[in-house]
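The values are calculated or read from the model by the stated rules, or taken from the named source; none is laboratory data. A quick note: this is a predicted structure, and the numbers were derived from the prediction, not measured. We place every Cβ from the backbone using ideal geometry, glycine too, and count neighbours over all the protein chains shown. Only protein heavy atoms, including side chains, enter the accessible area calculation; ligands, DNA and RNA are left aside. Shrake-Rupley method; radii C 1.70, N 1.55, O 1.52, S 1.80 Å.
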Amino acid sequence: NVVNVGEASAAPALINRWIIDIQTESVSLSLTGDITQKGYEKKRSKLIGAYLPQTPGETLLLFIQSFSSLLMETATIVKAVRRSDAVPVSPDVHTEAVQAALAKHKERKMAVPMPSKRRSLVVQSSMDAYTPPDEEDGGDGEGDGCGGGGTPSSREGSITVEHWISRAIHGTSSTTTTTTTSSTASSSSSSTRSGGSGAAGGRLADVLAQHVHITSVFPENHSAPPDVTGYTNNTPNASCDGIQVERAPGAGNAAHKQTPKYGNAELMETGDGVPVSSRVSAKIQQLVNTLKRPKRPPLREFFVDDFEELLEVQQPDPNQPRAEGAPMVATRGEQLGVVTNWPPSLEAALQRWGTISPKAPCLSIMDTNGKPLGVLTYGKLWSRSVKVAYNLLHKLGTKQEPLLRPGDRVALVFPNNDPAAFMTAFYGCLLAEVVPVPIEVPLTRKDAGSQQIGFLLGSCGVTVALTSDACHKGLPKGPTGEIPQFKGWPKVLWFVTESKHLSKPPRDWFPHIKDASEDTAYIEYKTCKDGSVLGVTVMRTAMLAHCQALTQSCSYTEAETMVNVLDFKKEVGLWHAVLTSVMNMMHVISIPYALMKVNPLSWIQKVCQYKAKVACVKSRDMHWALVAHRDQRDINLSSLRMLLVADGSNPWSISSCDAFLNVFQTKGLKPEVICPCASSPEALTVAVRRPLEEGTTPPGRGVLSMPGLSHGVIRVDSEEKLSVLTLQDVGSVMPGALMCVVRPDGVPQLCKTDEIGELCVCTVATGTSYYGLSGMTKNTFEVYPVCGGGTPVGDAPFTRTGLLGFIGPAGLIFVAGKIDGLMVVGGRRHNADDIVATALAVEPMKFVYRGRIAVFSITVLHDERIVVVAEQRPDSSEEDSFQWMSRVLQAIDGIHQVGVYCLALVPSNTLPKTPLGGIHLSETKQLFLEGALHPCNVLMCPHTCVTNLPKPRQKQPEIGPASVMVGNLVSGKRIAQASGRDLGQIEDNDQARKFLFLSEVLQWRAQTTPEHVLYTLLNSRGTVSSSLTCVQLHKRAEKIAAMLSERRHLQDGDHVALVYPPGMDLVAAFYGCLYAGCVPVTVRPPHPQNISTTLPTVKMIVEVSRSVCLMTTQLISKLLRSKEASAAVDVRTWPPVMDTDDLPKKKPPLLHKPSNSDTLAYLDFSVSTTGMLAGVKMSHTATSAFCRSIKLQCELYPSREVAICLDPYCGLGFVLWCLCSVYSGHQSILIPPSELEVNPALWLSAVSQHKVRDTFCSYSVMELCTKGLGLQTDGLKARGLDLSRVRTCVVVAEERPRIALTQSFSKLFKDLGLHPRAVSTSFGCRINLAVCLQGTSGPDPTTVFVDMRALRHDRVRLVERGSPHSLPLMESGKILPGVRIIIANPETKGPMGESHLGEIWVHSGHNASGYFTVYGDEALQSDHFSSRLSFGDTQTVWARTGYLGFLRRTELTDASGERHDALYVVGALEEAMELRGMRYHPIDIETSVIRTHKSITECAVFTWTNLLVVVVELDGSEQEALDLVPLVTNVVLEEHYLVVGVVVVVDVGVIPINSRGEKQRMHLRDGFLADQLDPVYVAYNM
């Protein structure tokens, strides 16, 4: 029964692989009867026992329900089976397996959270998108590696082809069971064509049952949407060891609570009418649960020095299949027969037929109704071509200077419905010996790829474009009627080839007809994977030899009739219907695309009508015919002897062929007529199945293991019954050609017999070069394959075909995919076409609009990642989309064992198209990477795909203090410590030093320099609204003190809240308190437009500070008791409110003098970036020391003027605004930052007008100037704004210097005279309000570049500017006099070396003396103010800043001649995120994210249960929201080696910013978890 064929003897491993079955009965798994459900269950349970997976985490295999026998066959041996005419074999693949899986899947609850989307984004698109099959879908597959439209099983939703489909769906399939009639080798290995062994099906169902909660609540209701907010606990299947998941806490009742909204967001509903509030938190919980179960085994553990982050290298699996066959031998096609009457060239053939049988029909053209438009006879074709040739050579340019000479290139621009004009022009060019370059008609809209075609024309030196009259009229015209130059095109002369426009050649003029030469005949364009367009040149000899080879292999004879549906301008359509047809005087019936759209059956009708012998189609044409053929009675295809399938090499064409045969066999179609062929632009026809004599055995097919293919080997004994690919052969090598298979990359080495490689051919009949590109030409057209020993196969060069495949038994060629569609993920090869096929087979198949799916890979983190983009039907709901996406992910994972990185759905008809309507792949990829694809749904799965992340860092065991010391000494690193100048040793004539208290300094100034102006306040117009001299301030302070002691009878040391707008009242009230012996607490007043959010903070500070009374202005005191205020807080509990607008006339009897300088001077309250309200106590000693330190650093004297544009409520801003002027006597020009919103130029104008040398501002002020004045610098210059006198411009901050902002500010205002070195920053924190401040003398602030990867490990490694992963850090200003700094390990409290990142500790006279809280938990943070090192200098008391940073000794010298130590602040310890054992600073990730897309204006990140959440503000249309998700995920992976868990897209202004311009990430996080952000979109990355 069984005969072994092929190379079996050569390779023992192959003996059982290639078996040709010569049995009379079909070895399909089909039975004539039906198998009952009970019998099926019984059989299934028996078969699958062995296959049940042992671990619950094993991949969820998911059903691929196929409509027309899509690629996955479950058989395991490549068989050659005789098609028996008696029993039509059903083409649907493993129907039962699919049914079993689907039946279970119906009720399966989704275990992944659905993305949340704002209602406005869930727009139902109009129904007019439903159109019959049309151009958009006809992928001619230009550049669409996935044959955009050319996908079989894809088209319309109405595809319920024939009864067998409906039977398959309703579970009564009689075609696939596991009993076989002949071979009992293994019940599951013998299904051949019909596939579908029940074993696989049952096994699948059980796998699903084991892993998935299945509820049998509605057995009938198949459309119950999955509940995405909670899990179901399945009682029915409690026996399966399913993974039980607790219901997410609060998921149940979350919907009923009205949560307060964040800011002013309204309660927002998402797409399906569920209030947003019930979704996010429950979903995140769900996501966490999903991620808790590891999907793949953990990465191989290996030790990495924690300093060098190594990416996990994909270790080759020792068990992966390897090629074991013998080296292959090149296969030769049959001899190219020499027929006596074959013409010496194509022009000669045309001349012959045009003169001896001028009436013979050459071409019949149909209109869009299928009526013949006319017939082009050979006589007409000849005479018209001659006319065109004459006009090209003699009527363009002048006699002396003709525009065209033989060998010049001309463009042929003809529409798809005019083959006659194209043929005439093409042959006219051949006769004139100019080189035609056929291209597509450029349309008005920006055609995908038309620019690249223009580039090709330019590089070919095209100056003339031939076109038809109708086409010329249809081209876009400019205002004066001329045709504009298309984008990227060279300037061309348009030449219309219709006879009526041409002059008649003189009688004595004849074209020069010679034998085929080595000259170029024509150039065919080809679109590459990256979208670039190349021109393949074909010589005249090659064109002729190719026509001869096709004539021989297709047995063409004179005057045969051929129906052609293909594009006649290139590839198979051109070769058969324009060239070979003329050589053989055949009659071509050309079916235009427009007719196919209206009537997909038109080609079949024409075959019947003309009794055509040959038809040239693509699989999609067969597919559409299936969809439409019902209503046709009188179809008879018995005249066909050859049905040429142009894309027969596509792995999924087999399903169309099978389905087509199945239906049309009854209409006279003979099985041996179907002839798939393989071709490529470079190698022309590579192989074609010969039309066989009736009754001979049709060739076999290969059923290959997908995992094997992914390792590049051919295996037929697949473990995984679903993971197989069924291929049909594409016949044998062309006549006169030699073919071999070489490794796709590296040296072109011959493959072994069981290895997949690139097919290469050696023959005259191929292209010869890529026009003008010699390097690429060498790699493609001049390949010399070598054997294992390195000896070349032959002397003649081979041409690479771009096709991957192998040569099977009996010399049959099998193609498994294209090089262009190859994606190498984790070292395994996957084919885009296969993944498209899998996605298309997922139910509901009609979900994908017309089967338009693009699959490509993008490189992220050193590996390719698969992206699937599909157009969804206009009527799809969110729920449908999400379910379909989840299924596709599981299907691709189950069948290809590869994860999909990103799955995006776009609205129907929105992907860029190729001229014939396929998907333009490279353009789609470009849009995806630019964030311009505008998907309506996105699902990213980076957690499962990205397996090469660096190993999480293991913290080293604690090292003893001594060894750290020794380690640092040995490696020559200093212990990181530094100090400012010593206050004690500075001799200066500082009069104020005599006084312990600021109140005394003020009295002294009021006596000695009463009229000296201390403060000037500017309004928004820049004019002085008020000023205070020493004596005025003193007198006002006295009156306020009198009022306090009289009206309130305050005790010594009582706390008084000062709620004033920035201005003089605040300053006076502060000194009034000091005069009365009270402790002032400055509080920012509530914002009148936003009382509800700002007033509670005021109330909180007043309560926490235990203020016994509240001083303010009349206006604010009214505001505090207004109706709006009472809605926000309980106004009855305010302490007594005093307004200081009209003060009493008398002064207090006695000014208070504190008894001890360590008593409290004032309280400083501030909200940290983490949202904590913290008050610190400032003693009189610290306050004086602070003022003195600043005076010395900035060289402040009474003659100086300083401009201050800061908020005067806390930190250094308050000290500069209220205290320094009194201490140093200089004049402060006060500019309230709020006034800049009215007049952005206010601060800089004031600086210029008052000729200020020193100015202080905040980041928010700097940003406002940069954004608000960016375009006005010329205008400001004209108005005389001059910043050249500015010596220091200091940004007051409590964060890492924002280097990008300070640099852009410096650059922007350089034109106005601002010295770039003038801009610097300061650094302060709660425990010490100013640690550093760039003063007047001393070196300029330095900038270093550190390695970001080292920084994550708390190491500091300096790198060159511009090196990868470098992070610029700017010094935070010079350390203030009297300040000592050390860098300590925050955990062990030991001192650290200079090369380490640690916590900045400060010892200084102006440290705060402790936190002030009402709850009495000062003890908890006591070590913040009084820490000691664990070794080394254990005596000094340090305060811990809570900020990480490092010290660097620079080459510069400071004022004292010492080397300058620079302090670099990296970020707050409590904001840093521990992820994968490494320390990340949010700002670094945010910077990366903001760079990715122009519409991202701001970004904030935070973690939540180990998930990284990225919130981005979108300044653009909501349609762009989903574009951001992949971009954000990519950049964070690429630059930070982190997987983003959740991406939240919000409106501009949602990320809260405090008064210092710092992001309040913790507030944002709370808002997110409480669902108050009203996001545009929330994506959960799986």
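With R1357, R1349 as the choices, which residue is in contact with a His (Cβ under 7 Å, 6 or more places away or on another chain) and either of a type outside the set (A, V, I, L, M, F, W, C) or farther than 19 Å from P1368 by Cα (or both)?
On the way: R1357 fails: in contact with a His (Cβ under 7 Å, 6 or more places away or on another chain).
Sole residue among the options that is in contact with a His (Cβ under 7 Å, 6 or more places away or on another chain) and either of a type outside the set (A, V, I, L, M, F, W, C) or farther than 19 Å from P1368 by Cα (or both): R1349.
Restricted to strands (runs of 3 or more DSSP E) entirely inside the stretch 1023-1095, those with at least 3 residues that are surrounded by 20 or more Cβ atoms within 10 Å (Cβ to Cβ) and modelled with pLDDT of 90 or more are 1055-1059, 1079-1083. Say we look at the stretch 516-543 and pick out the residues that are outside any loop (DSSP other than H, G, I, E, B) and among the hydroxyl-bearing types (S, T, Y); which of these is surrounded by the most Cβ atoms within 10 Å (Cβ to Cβ)? So, considering only residues that are outside any loop (DSSP other than H, G, I, E, B) and among the hydroxyl-bearing types (S, T, Y), the one surrounded by the most Cβ atoms within 10 Å (Cβ to Cβ) is T527.
Which residue pairs have Cβ atoms under 6 Å apart, sit 6 or more places apart or on different chains, and have a first residue in the stretch 763-778 that is more than 17 Å from T541 (Cβ to Cβ) and a second that is open to solvent by less than 60 Å² (accessible area, probe 1.4 Å) and not hydroxyl-bearing (S, T, Y)? Between residues of the stretch 763-778 that are more than 17 Å from T541 (Cβ to Cβ) and residues that are open to solvent by less than 60 Å² (accessible area, probe 1.4 Å) and not hydroxyl-bearing (S, T, Y), the close pairs are Y770/L534; Y771/C460; Y771/I523; Y771/G535. If you check S656, S649 for being of a type outside the set (D, E) and open to solvent by less than 10 Å² (accessible area, probe 1.4 Å), only one passes: S656.
Of all residues being within 44 Å of the chain's Cα centre (by Cα) and within 15 Å of F568 (Cβ to Cβ) in the stretch 584-609, which is most open to solvent (accessible area, probe 1.4 Å)? Just the residue, please. Going through the qualifying residues, I end up with A594. Of all residue pairs spaced 6 or more apart or on separate chains, those with beta-carbon atoms under 6 Å, a first member in the stretch 815-844 that is under 12 Å from P744 (Cβ atoms) and a second member that is open to solvent by 20 Å² or more (accessible area, probe 1.4 Å) and in a loop (DSSP other than H, G, I, E, B) are D820/K529.
Just checking, which of A1293, A1330, A1300 is of a type in the set (A, V, I, L, M) and surrounded by fewer than 20 Cβ atoms within 10 Å (Cβ to Cβ)? Break it down stepwise before answering.
Details: A1293 fails: surrounded by fewer than 20 Cβ atoms within 10 Å (Cβ to Cβ); A1330 fails: surrounded by fewer than 20 Cβ atoms within 10 Å (Cβ to Cβ).
Going through A1293, A1330, A1300 in turn, just one is of a type in the set (A, V, I, L, M) and surrounded by fewer than 20 Cβ atoms within 10 Å (Cβ to Cβ): A1300.
The residue that is nearest to L466 (Cα to Cα), counting only those in the stretch 358-386 that are open to solvent by less than 40 Å² (accessible area, probe 1.4 Å) and more than 53 Å from the chain's Cα centre (by Cα), is V386.
Applying the criterion of being free of Cβ contacts under 8 Å to residues at least 40 places away in the same chain and under 18 Å from W624 (Cα atoms) to the residues of the stretch 667-692, the residue that is surrounded by the fewest Cβ atoms within 10 Å (Cβ to Cβ) is K667. Taking the listed residues T766, T780, the one that is in a helix (DSSP H, G or I), farther than 18 Å from C657 by Cβ and modelled with pLDDT of 90 or more is T780, with no other qualifying. Output the residues belonging to the stretch 1518-1531 that are in contact with a helix residue (DSSP H, G or I) (Cβ under 6 Å, 6 or more places away or on another chain) and either surrounded by fewer than 22 Cβ atoms within 10 Å (Cβ to Cβ) or more than 19 Å from L927 (Cβ to Cβ) (or both). Within the stretch 1518-1531, E1518, L1527, V1531 meet the criteria. Open to solvent by 30 Å² or more (accessible area, probe 1.4 Å), part of a loop (DSSP other than H, G, I, E, B), of a type in the set (A, V, I, L, M, F, W, C) and free of Cβ contacts under 8 Å to residues at least 60 places away in the same chain, is that true of V338? The answer is yes for V338. No other residue among F414, F426, F455, F422 is open to solvent by 50 Å² or more (accessible area, probe 1.4 Å) and touching a residue at least 60 places away in the same chain (Cβ under 8 Å) apart from F455. The set of residues in the stretch 869-897 being of a type in the set (A, V, I, L, M, F, W, C), touching a residue at least 40 places away in the same chain (Cβ under 8 Å) and either touching a Cys at 6+ places or on another chain (Cβ under 8 Å) or over 27 Å from G708 (Cβ atoms) (or both) consists of V869, F882, W884, M885, L889. Return only the number of the condition from (1) at pLDDT below 90; (2) of a type in the set (V, I, T); (3) not in a loop (DSSP other than H, G, I, E, B) that V1344 does not satisfy. Result: V1344 passes all but (1). Would you confirm whether or not the stretch 857-868 contains a residue that is without any contact (Cβ under 8 Å) to a residue 24 or more places away in the chain and among the β-branched types (V, I, T)? Yes: the stretch 857-868 contains one or more residues that are without any contact (Cβ under 8 Å) to a residue 24 or more places away in the chain and among the β-branched types (V, I, T).
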